[in-house]
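Enquirer: To start, I am sharing the structure in question, which I have written as structure tokens.
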Amino acid sequence: MTGATLFGLCAAVLVGLGLYGAIVHHLILRRIVAFNLLGAGAFLLFGVVARRGTGAGMGGDPVPQALVITGIVVAFSATALAVALLLRLHAVRAAEDADR
Amino acid sequence: MSLLLDIFTVVAVSLGAVFFLAGAVGLLRFPDTLTRLHALTKADNVGLGLIVLGLLPQTERPLAAVKLIVAWLLVQLASGTVSQLIARTARRTEPPA
Amino acid sequence: MTFALAFDCGLAVLILAMAIWTIAARTTFPAVVGFVAYGLLLTLVWMRLAAPDVALTEAAIGGGLTGVLLLGATSRLRATEPPAVSERPSVPFRLAVAGLCTLLSAAIAAVVLLLPDPAPTLAPEAAAKLSLTGVGNAVTAVLLAYRALDTLLESAVLLLALVGVWSLAPDRFWGGAPRSLALRHRDGSLSLLGQVLPPIGIVLGVYIVWVGADAPGGKFQGATIIGAMWVLTMMAGLQTPPEISQAWVRVILVAGAAFFLAVGIAGFWLAGAFLAYPTGFAKSLIVAIEVALTLSVAATLGLLVAGPPARPVRT
Amino acid sequence: MTPADGNATRRAVFARAVGFIVLWLALAGPAPADLPAGVVAAAAATWVSLRLVPPSAWRVRPAALARFVVRFLVQSVIAGVDVARRALDPRLPLRTGFVSYAPHLPPGPAQSAFCTLTSLLPGTVPCGTDDSGALVIHCLDVDQFVASQLAKEETLFVHACGGDRDND
């Protein structure tokens, strides 16, 4: 077994774990964390595919690597938006509770 | 000469690793947050210092040595700051036994 | 078993342990700390997968900036966090979900084991055209030449996310400044760090952007470091987030994407296609786009961490 | 800290710019093609640094600084050995507790820098100030002469930074 296959199997488990957390947790923040964990596992799969595609003197296929960089930045944007939505939701709920 | 330098590198880096090990043992054995901070800041900084010292003879140009030393100084700054932040919070939240 | 494989095995076990910890922890704070450690371990994995560019991105954004964002949210929501135990779903439900997720993992694992050999790769094509771009780093060539459209849209996504975050502000605060990021307990050592580190971080960030053309590095990694330095000065209480209606804030935010788009449209006339670079100018244009995007991305990331406006406009 | 006059400001700008250029050279190497970016980076860093830490009239004494650095390095090694010994000793010899220490430095960047250094020295981690403004120091061994040792470090530190110029 090569290191790449090993990390591929690791990534498979991470995706499963993240999905479990995203479904089972009640707290939305925990779901956001679990979703990020899932995403990191999916990115790792890309990395494994890139690593297997060595060639032309490069350690890996640069195309999936570049896609993962884009993916990490987009995942951060989505997380920032999700966290902002969550904080706003709590602020609105707190205001409603205060009115009652 | 280069053999002597290689021996120096191996000895210094291994000694550094021993300090990291001692820091980790302290982290596990020491009784409270504040005491554990001592293990992390002191032992690990000496460990990293020894590893940097051991790698200095292996650098190809003097500027690469500056890079290593800068990395060590930045870690010192970070660990000095973070240990104080944690210590302050720990003193507020866990009253001393 | 070789030493390298033994190291990889140890790394994989640590990552799985951190992931289980992150999912299983009772309260949010330890879970988020576990997630940050998980991101840092993943950085090592990316190095082992010969992807240093991704490793830098993961360390800066995946571990660092996401960690700051999640820790900030955790401490603000701590008061509302209910005792986790009472809220848990029933055991049969959890078992069913666990079973289905195991199935999913098994399916992905099977796919990993059945991947074709020799693996398909675009590396030779990427290498063959590299001399035309003048860039030495193939990943940068993919990001800014072969698939520049992805990167252009990505910078637009960052802006859209920021617009989304801002739009959550109550009407009375629109145009004002986000809430202060300064820690509640002022701390001398943190302000010292906030005074000493940012200039060093700027040199480091510029270096990582600059070197990205020919070696591992690039604008997103460098911009994250610069953005993080800004966040650090705001957390140390040395600076306050700016009012979002100020013209300079908006100019910096859109400058990168606007310049990128302008170069792309100019490509119609100068090189015959959208986002095509005229021969001989590819490297200079790529470096210029990277520089323009760096400032914009750094500002966008900092403001994404700062959140929506929470104070009325000062008049 | 007293504010700087024109001379001191020019000196500070020059010293910091040189420092950032050296940092750039350490990172990027001496290739001339990279230098323009290095100059831009160093200029930006110097500008930010001057905004965050305005130049002061303090002037570093090289000889005193060297003495302080040597002592600091020796003390760091002693600190590491001390903690390693206690951690690995089966009996776990610890007599932890708090000691309060009233620093001569006023609150500010210099005092913070001293605290950060202290946190790397043997047996001490500063953990905030008490109501009277004295530093509260957590010690591994309260039997050691922590306060007198800290006073010595502080004197050396202030002397190295040129903070006691007024008393010369």
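Enquirer: Quick one: if you take sqrt(5λ) for each eigenvalue of the C-alpha gyration tensor of region D:1-132, what semi-axes come out, biggest first, whole angstrom?
Expert: Details: eigenvalues 268, 100, 35 Å².
So the three semi-axes of region D:1-132 are 37, 22, 13 Å.
Enquirer: Then there's this: Going through region C:1-76, which trypsin sites (Lys or Arg not before Pro) have at most 14 other Cβ atoms within 10 Å and a DSSP loop state? Walk me through the numbers on the way to the answer.
Expert: Numbers: sites: C:26, C:48, C:76; in loops: C:26.
Listed in order of number, the matching sites are C:26.
Enquirer: Evaluate the Kirkwood expression for the hydrodynamic radius of region C:68-203, namely the inverse of the mean inverse distance over all pairs of different C-alpha atoms, and round to one decimal in Å. Provide the component values of the computation, followed by the final result.
Expert: On the way: mean 1/r = 0.0452 Å⁻¹.
After inverting the mean inverse Cα-Cα distance, the result is 22.1 Å.
Enquirer: Over all distinct alpha-carbon pairs, what is the Kirkwood Rh of region D:3-52 in angstrom? Could you put the intermediate results ahead of the total?
Expert: Numbers: mean 1/r = 0.0878 Å⁻¹.
In region D:3-52 this quantity evaluates to 11.4 Å.
Enquirer: Please list, by residue number, every one of the chymotrypsin sites (Phe, Trp or Tyr not before Pro) in region C:222-315 that is coil in DSSP and has at most 15 other beta-carbon atoms within 10 Å. Can you show the working numbers first?
Expert: On the way: sites: C:230, C:248, C:259, C:260, C:268, C:269, C:274, C:281; in loops: C:274, C:281.
Listed in order of number, the matching sites are C:274, C:281.
Enquirer: Mind checking which of C:242, C:178, C:116 has the largest fluctuation in a GNM of chain C, springs on alpha carbons under 10 Å?
Expert: C:116
Enquirer: I've got another one for you. For region C:1-87, divide the Cα radius of gyration by the Kirkwood radius and give the resulting Rg/Rh value with two decimals. Don't skip to the end; give the middle numbers.
Expert: Numbers: Rg = 15.3 Å, Rh = 14.1 Å.
My calculation of the ratio gives 1.08.
Enquirer: Another question, then. In straight Cα distance, which lysines are under 26 Å from residue C:129, not counting same-chain residues fewer than 8 positions off?
Expert: Answer for residue C:129, where 26 Å is the Cα cut-off: C:219, C:283, listed by chain and number.
Enquirer: Mind checking the log10 I(q)/I(0) for region C:123-315 at q = 0.09, 0.10, 0.16 Å⁻¹? Debye, one equal scatterer per Cα, no solvent, two decimals.
Expert: Values returned for q = 0.09, 0.10, 0.16 Å⁻¹ are -0.39, -0.48, -1.00.
Enquirer: Next up: Among the trypsin sites (Lys or Arg not before Pro) within region C:116-219, which fall in a DSSP loop and have no more than 15 other Cβ atoms within 10 Å of their own Cβ? Please list the in-between numbers first.
Expert: Working: sites: C:129, C:147, C:172, C:179, C:184, C:186, C:219; in loops: C:129, C:147, C:179, C:184, C:186.
Passing both the DSSP loop test and the Cβ count: C:129, C:184, C:186.
Enquirer: Can you give the direction-averaged projected area of the convex hull of the alpha-carbon atoms in region D:62-167, in nm²? Walk me through the numbers on the way to the answer.
Expert: Values: hull surface 28.1 nm².
Mean projected area for region D:62-167: 7.0 nm², to one decimal.
Enquirer: Quick check: the distance between the Cα centres of region C:117-147 and region B:36-68, to the nearest angstrom?
Expert: So the separation of the two Cα centres works out to 36 Å.
Enquirer: Measure out, as a whole number of angstrom, how far apart the alpha-carbon centroids of region A:10-36 and region D:17-66 sit.
Expert: Taking the Cα centre of region D:17-66 as reference, the centre of region A:10-36 is 45 Å away.
Enquirer: Tell me, what is the percent relative contact order of region C:1-87, built from C-alpha pairs under 8 Å that lie six or more residues apart? Let's see the in-between values first.
Expert: Values: 66 pairs, mean separation 23.1, N = 87.
For region C:1-87, the relative contact order is 27 percent.
Enquirer: Based solely on its DSSP helices, what 222 nm [θ] is calculated for the protein assembly as shown when runs of n ≥ 4 H residues each add -39,500 (n - 2.57) and the sum is averaged over all residues, nearest 500 deg cm²/dmol?
Expert: The per-residue figure over the protein assembly as shown is -23000 deg cm²/dmol.
Enquirer: Right, another one. Which helices count as membrane-span-like in chain D under these terms: full DSSP H, at least 24 Å along the axis by C-alpha, Kyte-Doolittle mean of 1.0 or more?
Expert: Working: long enough: D:6-28 (33 Å, 1.11); D:35-52 (25 Å, 1.44); D:62-88 (38 Å, 1.10).
The qualifying helices are D:6-28, D:35-52, D:62-88.
Enquirer: Summarise the long-distance tail of P(r) for chain A by giving the % of C-alpha pairs beyond 21 Å.
Expert: 48 percent
Enquirer: Moving on. Give the distance, in whole Å, between the Cα centre of region D:94-168 and the Cα centre of region C:183-257.
Expert: Their Cα centres are 31 Å away from one another.
Enquirer: Ok, one more. Under unit Cβ charges (Lys, Arg +1; Asp, Glu -1), what dipole magnitude, rounded to 20 debye, does chain B have relative to its Cα centre? Don't jump to the answer; show the numbers that get you there.
Expert: Details: 8 positive and 5 negative charges, 70 e Å.
It works out to roughly 340 debye.
Enquirer: Taking springs between alpha-carbon atoms closer than 10 angstrom, which of C:106, C:55, C:126 fluctuates most in the Gaussian network model of chain C?
Expert: Sorting by GNM fluctuation, first place goes to C:106.
Enquirer: Let me ask something else about it. Residue by residue through region C:214-230, which ³J(HN,Hα) values in whole Hz follow from phi under the Karplus form 6.51 cos²θ - 1.76 cosθ + 1.60 (θ = phi - 60°), with glycine and proline marked x?
Expert: Rounded to whole hertz, the list is 10, 9, x, x, x, 5, 5, 5, x, 5, 5, 5, 5, x, 5, 5, 5.
Enquirer: State log₁₀ I(q)/I(0) for the protein assembly as shown at q = 0.05, 0.11 Å⁻¹ as given by the Debye formula over alpha-carbon point scatterers of equal weight, solvent excluded.
Expert: So the normalised log intensities are -0.26, -1.36.
Enquirer: While we're here: Given springs between every Cα pair under 10 Å in a Gaussian network model of chain D, which of D:61, D:71, D:85 has the largest fluctuation?
Expert: Of D:61, D:71, D:85, the most mobile in the Gaussian network model is D:85.
Enquirer: Taking the Cβ of residue D:146 as the centre, find all other residues whose Cβ is under 13 Å away and add up their charges (Lys, Arg: +1; Asp, Glu: -1).
Expert: Numbers: positive: D:95, D:152; negative: D:82, D:141, D:143, D:153, D:154.
Net charge around residue D:146: -3.
Enquirer: I would also like to ask the following. Through the Karplus equation 6.51 cos²θ - 1.76 cosθ + 1.60, θ set to phi - 60°, convert the phi angles of region C:154-164 into ³J(HN,Hα) values in whole Hz; use x for Gly and Pro.
Expert: Once θ is set to phi - 60°, the couplings for region C:154-164 become 5, 5, 5, 4, 4, 5, 4, 4, 5, 4, x Hz.
Enquirer: Let me ask another. Report, please, the projected area of region B:2-93 averaged over directions, based on the convex hull of its C-alpha atoms, in nm².
Expert: Details: hull surface 23.8 nm².
Value for region B:2-93: 6.0 nm².
Enquirer: Return a whole-number percent for the relative contact order of chain C, with Cα pairs under 8 Å and 6 or more residues apart as the contact set.
Expert: Numbers: 382 pairs, mean separation 64.8, N = 315.
Across chain C, relative contact order equals 21 percent.
Laboratory data are not the source of any read-out in this text; all were calculated from the coordinates shown. Remember, it's a predicted structure, so these values are computed and weren't measured experimentally. Positions of Cβ are backbone-derived with ideal geometry, glycine not excepted, and every protein chain shown enters the neighbour counts.
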